[in-house]
Amino acid sequence: MNRTSSNRPLDRRQRKSREAIQNALLVLLQDKPLDSITISELAIKADVNRKTFYNNYHNIQEVRDELDNRYLDSVFSLIEIDTLRSRPEEFFLKMFRSMHENIEQYRLLFDSGEHLCLYARLKENLQPYLKKEMERNERDTRFLPYVITYTVNGLA
């Protein structure tokens, strides 16, 4: 968890700093892998000092995790099992609209090549939904890993 993950909401200055750091990380990921990016380099790109970085995050991986969580939250906020079951096209339209609103960030996130951990987390979070649905329809859950892989590759 980040340092400001208490129950109180972030103030405008904190939100602006975090957004700058996250956007800078997305830009840097276009040119190099996550483990090659330094905090100093990230702070310079975000136009914040190192202290501001450390007031918001422990390390660069935490920034990356927050970006992934933001993506996952946006996808899972759209999932309504009843709609997904009866009208999956509505879910996909909502998802594509949501992605279009933040297209540059999504493009950078996926083009960076650092999205494999995002796939794993998406699979992990989607599993309970799909398992419940398969059990409800009396489907063989032995095929759940294949269904999850198929679904996640379609979403990500």
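Here are some notes:
- Residue pairs whose Cβ atoms lie under 9 Å apart, separated by 6 or more positions or on different chains, with the first residue in the stretch 130-142 and part of a helix (DSSP H, G or I) and the second among the acidic types (Asp, Glu), are Met134/Asp140; Thr141/Glu135.
- Reported count of residues in the stretch 46-65, each being in contact (Cβ under 8 Å) with a residue 40 or more places away in the chain, surrounded by fewer than 19 Cβ atoms within 10 Å (Cβ to Cβ) and closer than 25 Å to Glu101 by Cα, is 1.
- Residues of the stretch 1-37 satisfying the condition of being surrounded by 12 or more Cβ atoms within 10 Å (Cβ to Cβ), at pLDDT 85 or above and part of a loop (DSSP other than H, G, I, E, B): Leu29, Lys32, Ile37
The values are calculated or read from the model by the stated rules, or taken from the named source; none is laboratory data. In this text, all values refer to a predicted model and were calculated from it rather than measured experimentally. Ideal geometry is used to build each Cβ from the backbone, glycine not excepted, and the neighbour counts take in all protein chains shown.
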